[in-house]
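Below is one structure, written out as structure tokens; the observations come after it.
The values are calculated or read from the model by the stated rules, or taken from the named source; none is laboratory data. Values in this document were obtained by computation on a predicted structure and should not be read as measured data. Glycine gets a Cβ as well: all are built from the backbone with ideal geometry, and neighbour counts include every protein chain shown.
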Amino acid sequence: MTGSLGNLQVGSYSYQLRAALPADLPGVIDLLAADQIGATRDSWGGDVTGYRRAFDAITQDPAQLLLVAVDPADGALVGTLQLTVIPGLARRGALRAQIEAVRVAVDRRGGGLGGAMIRWAVAEAGNRGCTLVQLTSDVRRADAHRFYEQLGFTASHTGFKLDLRALNSHS
């Protein structure tokens, strides 16, 4: 999916929502790195090969959407999220959507942009035939958990991760 996805009206302000372009990659990485957890694992410095490889894979896969919110007044990239449609056999073969990497620029937080982006992603998941929307959030993100609960999400599962890089380094 390319091009404009429409506008998000947040109060009296309107943001442009669109699929991320290659030129957006530095800004997306900056948004990922601009929080207490992302600051330890994401940055634009150093080797960016992995970011570029992932960006290309995401933008070429029709089941993926990396979107950005742009302030039309100055062209600033002020928000991002990734939406993935996942086919599965569970729930009678239902499609589900996964929302990941939700970020809003520090100076725009608390103004409703994040909620508008999530509501847009939920509607888009429904448009794509999904019957369930899920997301994960690091256990240390108490504010994010409250935010998602205010949007109607429930903490219904316990998630587990296995860092294969750490596992492989001990072999």
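Which of the following residues is β-branched (Val, Ile, Thr) and either over 13 Å from the mean Cα position of the chain (by Cα) or on the phi > 0 side of the Ramachandran plot (or both): Val122, Val78, Val70, Val104? Steps first, please.
Details: Val122 fails: either over 13 Å from the mean Cα position of the chain (by Cα) or on the phi > 0 side of the Ramachandran plot (or both); Val78 fails: either over 13 Å from the mean Cα position of the chain (by Cα) or on the phi > 0 side of the Ramachandran plot (or both); Val104 fails: either over 13 Å from the mean Cα position of the chain (by Cα) or on the phi > 0 side of the Ramachandran plot (or both).
None of the others qualify; the one that does is Val70.
Rundown of residues vs (1) at pLDDT below 90; (2) touching an Asp or Glu at 6+ places or on another chain (Cβ under 6 Å), yes/no style:
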{"site": "Ser4", "(1), (2)": "yes, no"}
{"site": "Gln16", "(1), (2)": "no, no"}
{"site": "Asp24", "(1), (2)": "no, no"}
{"site": "Leu32", "(1), (2)": "no, yes"}
{"site": "Ala39", "(1), (2)": "yes, no"}
{"site": "Trp44", "(1), (2)": "yes, no"}
{"site": "Arg52", "(1), (2)": "no, no"}
{"site": "Thr59", "(1), (2)": "no, no"}
{"site": "Ala63", "(1), (2)": "no, no"}
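Contact annotation: residue pairs with Cβ atoms under 8 Å, 6 or more positions apart or on different chains, pairing a residue in region 129-146 that is loosely packed, with under 14 Cβ neighbours inside 10 Å and in a strand (DSSP E or B) with a partner that is modelled with pLDDT of 90 or more and not charged (D, E, K, R), are Thr131/Ala94; Thr131/Leu95. Out of region 84-99, which residues are modelled with pLDDT of 95 or more and either surrounded by fewer than 18 Cβ atoms within 10 Å (Cβ to Cβ) or under 11 Å from the mean Cα position of the chain (by Cα) (or both)? Hits for region 84-99 are Thr84, Ile86, Pro87, Leu95, Arg96, Gln98, Ile99.
Residue selection: Ala155 satisfies the criterion of being part of a loop (DSSP other than H, G, I, E, B) and either modelled with pLDDT under 90 or surrounded by 14 or more Cβ atoms within 10 Å (Cβ to Cβ) (or both).
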